[in-house]
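Peer 1: The structure's right below; bear with me while I get my questions together.
The values are calculated or read from the model by the stated rules, or taken from the named source; none is laboratory data. Everything numeric in this text was worked out from a predicted model, so none of it was measured. Don't worry about glycine lacking a Cβ; one is built from the backbone with ideal geometry, like all the others, and counts go over all protein chains shown. SASA here: full protein model, heavy atoms, side chains in, ligands and nucleic acids out. Shrake-Rupley method; radii C 1.70, N 1.55, O 1.52, S 1.80 Å.
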Amino acid sequence: MNVKPTRLDRVVLTINYILLTLTVLIVLLPLLYVVMASFMEPTALLNKGISFNLADYSVEGYKLILANEAMIRGFGNAIYYSVFFTVVTVAVSLFAGYPLAVENFVGKKFFMTLFMITMFFGGGLIPTFLVIKELGMLNTVWAIVLPTAINVWNIILARTFFKGIPKELNEAAKVDGASEMRIFMGIVLPLSKPIIFVLALYAFVGQWNSYFDAMIYLEDQKLYPLQLVLRSILIQNQVDPGMITDRTAMAEMKRLSEIIKYASIVISSLPLLVMYPFFQKYFEKGVMVGSLK
């Protein structure tokens, strides 16, 4: 039966549409500005703002970045670190979260307490650096992946999701003689795509945007991820008026700095923009874990 919306319903819906439209514009306009600015000549951008005149557009910024060998290598390193980190942290979260969701697992309160303690207390930067140094992980991929691979919040999300899986499935499998590992691999994991994709998205985005760990633990520039390479490029292209007396040279340096800045933002954001549409349907399900009981 179709229910005719009341006048109040129409007012509320109109307000919702207006708010949603404003939210989309707030998110979308800065993104469009950065993309368009990355193709514009800095002089035209400074004098005219965003222009629709094709003469004001150029791909010089992308040519400069893509011609940089360190940039290409950093992009590959960032992909490698992010994928490797995602696989490790998702696997750890799933294998740690499942036992904590099993009712008859002995000691789960003790282990959960230990996990929770690490959320509020840590050794700090210097002790962590010394531990990584003594383990021989400095200047290796392990220094980027292992220290933050165990994320307690992700383990809690995985545990909460596993608790929502009907117990009857596990009981039926046990009656048929299936072990816990067989149940986990054959029944639980195939039903856990939403939480797997959500954890993978969180892990990948977090690692992709990270540069501090690489700056602390990596010495070889060939191992630098994209974010650290971009940081180095932007610092090198910063104009110091006290160091350059030639106004023409200073203007050119400033122009190149502006070109590189916007183009580098677009390139570094590209993998995330590509990922979100594919992960969206799983993200909508997984993000609601624990909201209904």
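Peer 1: Across region 140-168, what is the number of residues that are in a loop (DSSP other than H, G, I, E, B) and exposed (fewer than 13 other Cβ atoms within 10 Å of the Cβ)? Give the steps one after another, and end with the answer.
Peer 2: Residues of region 140-168 that are in a loop (DSSP other than H, G, I, E, B), as a first pass: 140-141, 146-151, 164-166.
Next cut, exposed (fewer than 13 other Cβ atoms within 10 Å of the Cβ) only: 166.
Residues in region 140-168 being in a loop (DSSP other than H, G, I, E, B) and exposed (fewer than 13 other Cβ atoms within 10 Å of the Cβ): 1 in total.
Peer 1: I'd like the residue in region 91-138 that is without any contact (Cβ under 8 Å) to a residue 60 or more places away in the chain, farther than 25 Å from L201 by Cβ and in contact with a helix residue (DSSP H, G or I) (Cβ under 6 Å, 6 or more places away or on another chain) and, out of all such residues, is surrounded by the fewest Cβ atoms within 10 Å (Cβ to Cβ).
Peer 2: Here the residue is F105.
Peer 1: Still on this structure: Considering only region 33-51, state which residues are open to solvent by less than 80 Å² (accessible area, probe 1.4 Å) and closer than 22 Å to S268 by Cα.
Peer 2: Selection gives V34, V35, M36, A37, S38, F39, M40, E41, P42, L45, I50.
Peer 1: Let me ask you something else. Search region 256-272 for residues that are in contact (Cβ under 8 Å) with a residue 12 or more places away in the chain and pair each with any residue that is part of a helix (DSSP H, G or I) and among the charged types (D, E, K, R) when their beta-carbon atoms are under 7 Å apart and the residues are at least 6 apart or on different chains.
Peer 2: What qualifies is I259/E60.
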